[in-house]
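Okay, so here's the structure we're looking at.
The values are calculated or read from the model by the stated rules, or taken from the named source; none is laboratory data. A quick note: this is a predicted structure, and the numbers were derived from the prediction, not measured. Counting neighbours? That spans all protein chains shown, and the Cβs are built from the backbone with ideal geometry, glycine included. Each accessible area value is taken on the protein alone, full model and side chains, heavy atoms only, with ligands, DNA and RNA left out. Shrake-Rupley method; radii C 1.70, N 1.55, O 1.52, S 1.80 Å.
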Amino acid sequence: MSEPKIHPEVAAIEEDIIATRRHIHQRPELAFVEHETAKMIAERLTAMGMEVTTGVGKTGVVGLFHGAGDGPCIALRADMDGLPIQETGDSPFKSQNDGVMHACGHDGHMAMLLGAAKVLSGMRDRLRGSVKFIFQPAEEGGGGARFMIEEGVLENPKVDEIYGLHLWNYQPYGTVGAKEGPILAAADVFTITVRGKGGHGAVPHTTVDAIVIASHLVTVLQTIVSRNINPLESAVVTVGKITGGHNFNVIADEVILDGTVRAYKEENRQTIINRLKEITAGVAATFGAEIELDYREGYPLTVNHAEQTEKVKRAAGQVVGDGVQFPYLSMGGEDFSYYLKEIPGCFFFVGSAPQDREPLTVPHHCSHFDFDEQALLVGSSIWIELVIGLLQ
Ligand SMILES: [Zn+2]
Ligand SMILES: [Zn+2]
């Protein structure tokens, strides 16, 4: 693999991009309270001469500039929230906020997008159309994207295409993962409450044993993936927690099962939901219990649009050449999926595994998370190539 071709104007502000990342890394904030982060971003975007809107979707910030001529409106998005993790290790720019850490790389996402914004805002007389820079709160579970969409982030002007990226420690530096179609899973949560009739452990015939029923449920739920989903497609049904019972000689009256569902196709997600309903109703009838299913939809599937994925591959190819590859996929979820349900776009991965460590030893969401800062220059360069390709 050849060395990435960093855009010269990105190379010129390398120090600034890396310093920005470290500044943000030291001051992580949790979902929907990214106040200091938002303030810093708004100040920088204002200094670049952009129209800036703050407080979009609680703490989100949007920067907008118009090029010299008419053309489409392109949105680029970075997420802003850190995680409730205590950072370990002795990095010189370690988190100063106890119990909060940028352990997913969102500090890098902001630094890359600010770097690209700086370069692109200086090129605006060469561009036809407008660029919206979206700094979004609460990706880690809060669904900040949904709040920004509800508050009109894709309107005024109307956004034609949207792009997002994630630094990806599962891929080496110098690679970019891009693929059309589904790239991250739908991630849902369920709670099943089994209500039977308690009694003496030695007098079972007068009871409805919630533990026996729950045990059948756990077993039969395994057949959803193994017997109702095409084995060539990925899905997960996990019961992660069982709560119930009182004592060794008491028949339990109530058991609660908590679990998660992951699917890579909306059709499979629906199959799983339907089977959960049928199985809980069937098991309830079989044993004469009352079973309640509470199913809570999480982030939808992240599904890339074909045309926009091709545009990303072209732009990424100009930076990493043949480093554009099939992404390292996982059953994780992303709230970028909400944008992709509204308008065309693409979410892609920028390889950022630290070059001096064994592959996969520094995963996202761990307390010693770090990434290769050179990947920031790759990301900023791709943003610039992408916008030039779309608006020139
Ligand atoms: Zn994360
Ligand atoms: Zn993330």
task = Give the share of C-alpha pairs in each 5 angstrom bin for segment 209-254, from 0 to the last occupied bin, in whole percents, shortest bins first.
result = 5, 19, 23, 17, 14, 9, 7, 4, 2, 0
inquiry  = Only Cα pairs within less than 10 Å get springs; with that Gaussian network setup on the chain, which residue of T219, T20, T193 has the largest fluctuation?
reply    = T219
task = Using only the alpha-carbon atoms of segment 1-121, report the extent along each of the three principal axes, biggest first, to the nearest angstrom.
result = 49, 42, 24
note = Here segment 134-146 yields Karplus 3J(HN,Hα) values (6.51, -1.76, 1.60; θ = phi - 60°; whole Hz; Gly and Pro given as x) of 9, 10, 9, x, 6, 7, 7, x, x, x, x, 4, 4
task = Using a 1.4 Å probe over the heavy atoms of the protein chains, calculate the carbon and sulfur portion of the accessible area of the chain as a whole percent.
result = 52
message = Test of understanding: in a Gaussian network model of the chain with alpha carbons linked when under 10 Å, which of I134, I17, I291 would top the mean-square fluctuation ranking?
response = I291
ask   = What whole-number value in Å² describes the accessible area per residue of the chain for a 1.4 Å probe?
value = 42
key: Greater than 24 Å apart at Cα, pairs in K94/K241; K5/K39; K58/K341   = K94/K241; K5/K39
query = Regarding the chain, what whole-number volume in Å³ per residue does the convex hull of its Cα atoms give?
reply = 153
ask   = How large is the charge dipole for segment 186-296, taken about the Cα centre, if only the Cβ atoms of Lys, Arg (+1) and Asp, Glu (-1) carry charge, to the nearest 20 debye?
value = 180
query = For segment 253-359, which trypsin sites (Lys or Arg not before Pro) are in a loop by DSSP, counting at most 13 other Cβ atoms within 10 Å?
reply = R357
request  = As a check on your grasp of the helix formula, calculate [θ] at 222 nm for the chain: sum -39500 (n - 2.57) over DSSP H runs of n ≥ 4, divide by the residue count, round to the nearest 500.
outcome  = -10500 deg cm²/dmol
request  = Take the chain, connect every pair of alpha-carbon atoms lying under 10 Å apart with a spring to form a Gaussian network, then pick out the residue of H106, H25, H35 with the largest mean-square fluctuation.
outcome  = H35
message = In whole Å, what are the extents of segment 247-351 along the principal axes defined by its C-alpha atoms, from largest to smallest?
response = 69, 29, 18
key: Square roots of five times the Cα gyration tensor eigenvalues for segment 186-296, Å   = 29, 12, 11
message = Using DSSP to call loops (not H, G, I, E or B), can you name the trypsin sites (Lys or Arg not before Pro) in segment 25-69 whose Cβ has at most 16 other Cβ atoms within 10 angstrom?
response = none
message = I'd like the Kirkwood hydrodynamic radius of segment 143-211, using the inverse of the mean 1/r over distinct C-alpha pairs, in Å.
response = 18.5
note = Around V119 (Cβ within 12 Å, Cβ-to-Cβ, excluding V119; K/R +1, D/E -1) the net charge comes to -1
message = Please give the charge dipole size of segment 236-392, origin at the Cα centre, charges +1 on K and R Cβ atoms and -1 on D and E Cβ atoms. Round to the nearest 20 debye.
response = 340
inquiry  = Apply the Karplus curve 6.51 cos²θ - 1.76 cosθ + 1.60, θ = phi - 60°, to the phi angles in segment 178-195 and return the couplings in whole Hz, x for Gly and Pro.
reply    = 9, 7, 7, x, x, 10, 9, 7, 7, 10, 10, 10, 9, 10, 10, 10, 9, 10
inquiry  = I need two numbers for segment 312-392: Rg to one decimal and Dmax as a whole number, Cα atoms only, in Å.
reply    = 14.4, 42
request  = Quick one: dipole size for the chain, taken about the Cα centre, charges +1 on Lys/Arg Cβ and -1 on Asp/Glu Cβ, in debye to the nearest 20.
outcome  = 520
